[in-house]
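Data block below; observations after.
The values are calculated or read from the model by the stated rules, or taken from the named source; none is laboratory data. Being a predicted model, the structure only gives us computed values, none of them experimental. Cβ sites come from the backbone with ideal geometry, for glycine too, and all protein chains shown count toward neighbours. Remember, those area values only see protein heavy atoms, side chains included, never the ligands or the DNA or RNA. Shrake-Rupley method; radii C 1.70, N 1.55, O 1.52, S 1.80 Å.
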Amino acid sequence: MTSRRDFLSQPAPENYVAGLGRGATGFTTRSDLGPAREGPSEDQIKAAVAKRSAQLGLTEAKDDDKDGDDRYQDPDNEVGLFAGGIYEKDDEEADRIWKEVDEKMAKRRQKQREARETAEQDEYERLNPKIQQQFAGLKRALETVTDEEWANIPDPKDLTGRTKRARQARMERFYAVPDSVLAAARDQGQFGTTVADDGTATGGGNKDGTVTDFAKIGAARDKVLRARLEQQSHSSGIATAGSSTSIDPKGYLTSLSNMQGAEQSIGDIEQFRKMLKSAVDSNPKQAASWIAAARLEVAAGKPGAARTLIAKGCHHCPRSEDIWLENIHLNDNRNAKVIAAQAIQANPNSVKLWVEAMKLENDSRSRKKVIRRALDHNPESEALWKEAVNLEEDHTDARMLLAKATELIPGSLDLWLALARLETPENARKVLNKAVKKLPSSHELWIAAARLEEQMGEGKRPVMKNAVKFLAKQNAMPKREEWIAEAEKCEEEGAVITCSNIIEETLGWGLDEDDDRKEMWMEDAKASIGRDRFATARAIYAYALRVFSNSRSLYLAAVELERNHGTRDDLWRALEKAVEACPHVETFWLMLAREKADEINEARRVLARAFKQNPDNEDIWLAAVKLEADNGFIDQARDLLKTARQNAPTDRVWMRSVAFERQLGASEAALDLAQDALQLFPAAPKLWMMKGQIYEDLGRPAQAREAYGTGVRAVPSSVPLWLLYARLEERSGNVVKARSVLDRARQAVARSPELWAELVRVERRAGNANQARTLMASALQQMPKSGLLWAERILYLEARTQRKSLITEAIKKVDDDAVLQVTAARILWAERKLDRAQNWFERALLLDRDMGDAWAWYYKFLSQHGTEEKRRDLVAKCVLNDPRHGEHWQAVAKDPKNSGKKTDEILKLVAASLS
């Protein structure tokens with residue numbers, strides 16, 4: 001018989017995993033898809049087997065670690081090549097340079113990397129949804145289950161333990177309980193109500209051996225009452241005369257409401273008092289224990305005991321300024337002066353004690369006397385000099401004190417700046433020059449010098465330029481972000497020229513040409529705008545435009561800044577610079593002409609200059625036509641369009657010509673132009689739409705249907721053309737044909753929210769609510785991030801009680817959709833949560849300023865719940881942003897009846913049409 005033990009009694013081998021041999025590496029539960037833990041990898045298994053074999057003596061162990069260590073050893077110095085080296089300034093400089101290189105390399109492509117990681121994370125979550133997300137739709141479907149259906153759901157059968165429970169039920173036996181047990185149970189919870197002469201209960205002791213002592217309970221109650229009375233006497237004002245006291249009865253009765261928690265607080269105070277007494281007795285030289293014990297007595301309503309304790313603490317810890325300060329605070333003014341004198345005698349160099357002693361004096365003369373004595377003991381205390389200067393009412397005396405202070409404390413920046421502010425401009429220059437010699441690494445002194453030059457009207461002197469050279473030479477140049485913060489501080493204090501000079505000299509510091517300088521500076525300007533520092537942002541754009549003189553994006557950002565936060569003249573100057581730097585960018589010419597549209601001759605001159613730089617440009621032609629038409633020069637506008645059709649024959653010029661004639665009511669002329677244009681541009685969807693709309697205006701639905709049908713065959717990818725075709729059929733009463741048109745449209749243009757929404761609306765208007773919900777479910781399955789579809793479902797397909805939960809779910813799924821945020825505002829509006837509704841309206845406007853529907857809904861909201869000032873402000877912002885899109889907005893703005901109307905008039909018309 002072998003001596004080898006049974007394997008069950010042996011210890012498990014290293015890295016042993018139960019069940020690994022049969023492939024059981026984990027388990028799966030209902031709420032957790034995936035293995036609970038992964039098993040060891042192949043390399044780990046091989047390493048464990050090899051180690052086990054070496055332990056059993058089957059193979060020889062290899063000492064790889066030793067070979068690896070010897071391979072990298074230095075034969076001359078086994079400790080390390082640089083073990084005895086000295087870390088010098090050159091090494092520090094090299095480490096700093098490499099650190100800056102690493103930071104700069106990390107900043108590159110940071111936004112692209114973060115965007116890519118976010119997209120990958122979203123894609124992973126979409127492909128690997130959680131169990132909760134997979135069953136979200138089924139949980140939501142439970143809303144349709146009625147109470148009756150829920151009650152009729154059968155209970156699940158428990159077949160696992162039914163036999164066992166039946167067997168246990170058969171084995172149960174019941175026996176009669178004796179009367180003595182019942183009587184003992186009855187008497188167990190009773191209490192005696194009689195009290196003996198010694199104050200104890202007559203019922204004897206409790207089961208656990210304790211005895212209820214009513215005399216002690218009464219004494220504790222009296223103690224609590226005394227404590228409350230003493231506390232109330234100190235808080236409500238006790239007038240002590242001999243042995244009589246007077247208490248405010250009303251205040252005392254009011255405070256009785258807190259008596260319930262008094263017993264607990266008394267117990268806690270006693271416990272803390274014992275702990276602090278132990279701490280004080282064990283270490284009487286620790287000031288914190290004395291301070292804590294005194295504060296505990298104050299909290300317990302015993303200021304006398306607190307003063308006694310803190311006096312003992314001062315005796316044991318005379319060198320602690322904190323305990324002396326606590327003692328001063330606990331006493332009245334008269335005693336506090338005596339204590340402050342004792343404290344200063346024990347600690348003559350304590351600045352805090354001198355300042356506290358100065359504050360105890362009532363008149364200015366006494367305070368100055370205390371401060372001067374303090375300066376005799378502490379001549380190099382900056383805090384004391386500041387207090388002394390603050391006490392002086394005469395500027396001359398304050399200047400003398402500051403001059404003496406800067407001699408004694410030449411390293412104090414605040415004292416130098418204060419002295420410079422009190423001096424005359426000429427003397428201030430000398431003071432700042434002395435300060436720079438004493439503090440060569442301080443950039444605040446150079447900023448103060450620049451502000452001084454600005455104050456003297458000599459802001460063009462190169463102070464900041466010299467500052468940058470000097471600080472760079474001293475290796476004390478702050479970071480670019482710190483300079484921007486200093487510029488914003490100067491702007492806040494009114495030094496706009498200094499702010500501009502700081503940005504001009506420091507914005508490009510430390511940046512190379514291969515850095516994303518333009519994007520970085522635009523981000524800096526946007527950040528300054530977000531902090532309402534518009535002069536700083538203006539200076540940043542000005543510097544960036546000097547470096548990138550032909551950047552279209554920088555000029556657009558600068559113009560946008562002036563439009564939103566500048567004057568009209570500032571906007572004109574910015575646009576003039578833009579058209580000079582980028583003469584071939586027609587956008588700037590059009591913006592300048594639009595801003596000068598009130599002065600028609602100036603606008604004409606701007607467009608004439610634009611024609612010279614951009615001949616035959618369709619945008620400039622159309623801008624000239626709009627200028628003439630808006631000012632009532634119809635013939636000139638028609639002639640310009642005719643010339644434009646000859647010199648710049650684009651589809652936009654032809655469409656503008658058709659729209660111009662249609663707005664004038666010349667439908668036949670517009671139809672002829674549309675026919676001619678379609679011969680040249682058969683793939684222009686807007687021309688087909690305009691042709692069909694003209695036929696509808698003339699009352700010819702058959703020709704309109706033919707025009708739309710031909711148009712969708714020529715341009716099957718045009719969603720608005722399909723919508724016009726379907727709506728024509730629906731208005732004609734052909735719902736089946738409209739449904740067919742939309743089905744063809746969805747085949748031609750896949751994943752179009754507008755087409756799906758229109759199909760749902762057709763079914764809803766036809767009374768097929770169930771079919772509309774089915775179509776909406778299919779649409780959201782294909783396009784779960786469409787705000788238009790979510791809004792249509794929430795507002796028209798679901799019950800009012802479900803809107804709030806659905807809008808919350810939609811906002812989580814859809815990122816930053818203005819239509820959805822307007823829907824959320826409308827829901828809150830219906831629930832009379834007006835403040836929150838207004839916040840959501842403003843969010844939608846910040847997100848998409850070009851969506852006219854958001855402006856119209858917000859104006860309608862303010863018409864009912866806003867002030868006249870808010871409505872005027874909203875109309876002004878709408879005119880400034882000039883929205884062009886929106887389902888309701890375009891329907892009103894492009895109506896020929898509303899041609900020539902301004903933005904504010906269109907806004908009111910759209911708001912009136914909303915329902």
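Regarding segment 283-328, what are the three Cα extents along the principal axes, ordered largest first, in Å?
28, 21, 13
Rounded to whole Å and sorted largest first, what semi-axes of the equivalent ellipsoid does the C-alpha gyration tensor of segment 334-386 yield via the square root of 5 times each eigenvalue?
The answer is 16, 14, 8 Å, longest axis first.
List the trypsin sites (Lys or Arg not before Pro) in segment 391-465 that DSSP assigns to loop (not H, G, I, E or B) and whose Cβ has at most 14 other Cβ atoms within 10 Å. Which are they?
K460
Which of the chymotrypsin sites (Phe, Trp or Tyr not before Pro) across segment 623-662 are loop residues per DSSP, with 15 or fewer other Cβ within 10 Å?
Sparse-neighbourhood loop chymotrypsin sites (Phe, Trp or Tyr not before Pro): F633.
In segment 827-908, what percent of the accessible surface is made up of carbon and sulfur (1.4 Å probe, ligands and nucleic acids excluded)?
Here carbon and sulfur together make up 47 percent of the probe-accessible area.
Using r as the Cβ-Cβ distance of R319 and E393, and R0 as 41 Å, what FRET efficiency do you calculate, to the nearest 0.05?
Calculated value: 0.70.
Mind jotting down the distance between the C-alpha centroids of segment 521-571 and segment 814-872, whole Å?
Cα centroid of segment 814-872 versus Cα centroid of segment 521-571: 29 Å apart.
Please give the peptides 125-133, 599-607 ranked by average Cβ packing (other Cβ atoms within 10 Å per residue), highest first, as a rough proxy for protection.
599-607, 125-133
Calculate, for K89 and K489, the FRET efficiency according to 1/(1 + (r/R0)^6) with r their C-beta to C-beta distance and R0 30 Å; round to the nearest 0.05.
The formula returns an efficiency of 0.35 here.
Please compute the contact order of segment 498-610 in relative form: average sequence separation of alpha-carbon pairs under 8 Å and at least six residues apart, divided by the residue count, as a percent.
In percent, rounded to a whole number, it is 17.
Starting from the Cα of T710, step 7 Å along the direction of its Cβ; do the same at K46; then give the gap between the two resulting points in nm.
It works out to 7.6 nm between the two label points.
State the percentage of accessible surface on segment 567-720 attributable to carbon and sulfur atoms; use a 1.4 Å probe and exclude ligands, DNA and RNA.
Ligands and nucleic acids excluded, carbon and sulfur give 50 percent.
Using a cut-off of 18 Å between alpha-carbon atoms, which aspartates and glutamates can reach K337, once sequence neighbours fewer than 8 places away in the same chain are excluded?
Straight-distance partners of K337: E321, D322, E326, E356, E361, D363.
For N564 and D532, calculate 0.36 nm times their separation in residues minus their Cα-Cα distance, and state this gained length in nm to one decimal.
Extending this stretch completely gives an extra 10.4 nm.
How much accessible area per residue does segment 718-795 have, in Å², with a 1.4 Å probe?
44
Once you order the gyration tensor axes a ≥ b ≥ c over the Cα atoms, which shape class does segment 408-484 get: rounded for a/c under 1.5, otherwise prolate or oblate by comparing a/b with b/c?
The shape class here is oblate.
Which whole-number percent is the relative contact order of segment 437-484 (Cα, under 8 Å, 6+ apart)?
46
Relative contact order for segment 688-789: what percent, with Cα pairs under 8 Å and sequence separation of 6 or more?
For segment 688-789, the relative contact order is 18 percent.
Tell me the net charge near V735. Cut-off is 11 Å between Cβ atoms, V735 excluded, with +1 for each Lys or Arg and -1 for each Asp or Glu.
+1
Scaled to the compact-protein estimate 2.2 N^0.38 Å, what is the alpha-carbon radius of gyration of segment 357-488, rounded to two decimal places?
In units of the 2.2 N^0.38 Å rule of thumb, it is 1.21.
Lys/Arg Cβ at +1, Asp/Glu Cβ at -1, dipole of segment 846-915 taken about the Cα centre: which of I906, F861, L874 is farthest positive-ward?
Most positive-ward Cα: I906.
Considering only protein heavy atoms, with the full assembly of protein chains and a 1.4 angstrom probe, order T801, T867 by accessible area, largest first.
Descending order: T801, T867.
Which sequence of V749, V145 reflects their accessible areas, 1.4 Å probe, from the largest down?
V145, V749
Translational diffusion coefficient, Stokes-Einstein: compute it for segment 775-895 using the Kirkwood radius over C-alpha pairs as Rh, at 37 °C and 0.692 mPa s, and state it as an integer in µm² s⁻¹.
220
At 0.36 nm per residue, and after removing the present C-alpha to C-alpha distance, how many nm does the segment from S180 to D676 gain when stretched out fully?
In short, 167.0 nm is gained.
Ordering F135, F611 by accessible area with a probe of 1.4 Å, largest first, what comes out?
From most accessible down to least: F135, F611.
Return one whole number: the accessible area per residue of segment 816-882 in Å², for a 1.4 Å probe.
Ligands and nucleic acids excluded, the figure is 50 Å² per residue.
Taking 7 Å along the Cα-to-C-beta vector as the label spot, tell me the K813-K437 distance in nanometres, rounded to one decimal.
7.5
If N is the number of residues in segment 575-704, what value comes out of its Cα radius of gyration divided by 2.2 N^0.38 Å?
Rg over 2.2 N^0.38 Å, computed on Cα atoms: 1.16.
First compute the accessible area of segment 470-546 with a 1.4 Å probe, then give the percent of it belonging to carbon and sulfur atoms.
Here carbon and sulfur together make up 46 percent of the probe-accessible area.
How long is the gain from E887 to V547 if the chain were fully straight, where each residue apart is worth 0.36 nm and the alpha carbon distance is subtracted?
My answer for the length gained is 118.1 nm.
Going down the table (K434/K473; K691/K894; K437/K469; K404/K473; K612/K894; K596/K901), which pairs top 25 Å between alpha carbons?
Check vs 25 Å cut-off fails for K404/K473; K612/K894.
Do any of K479/K812; K111/K860; K368/K465; K812/K902; K626/K877; K104/K438 go past 32 Å between their Cα atoms, and which?
In this structure, K479/K812; K111/K860; K368/K465; K812/K902; K104/K438 exceed 32 Å between Cα atoms.
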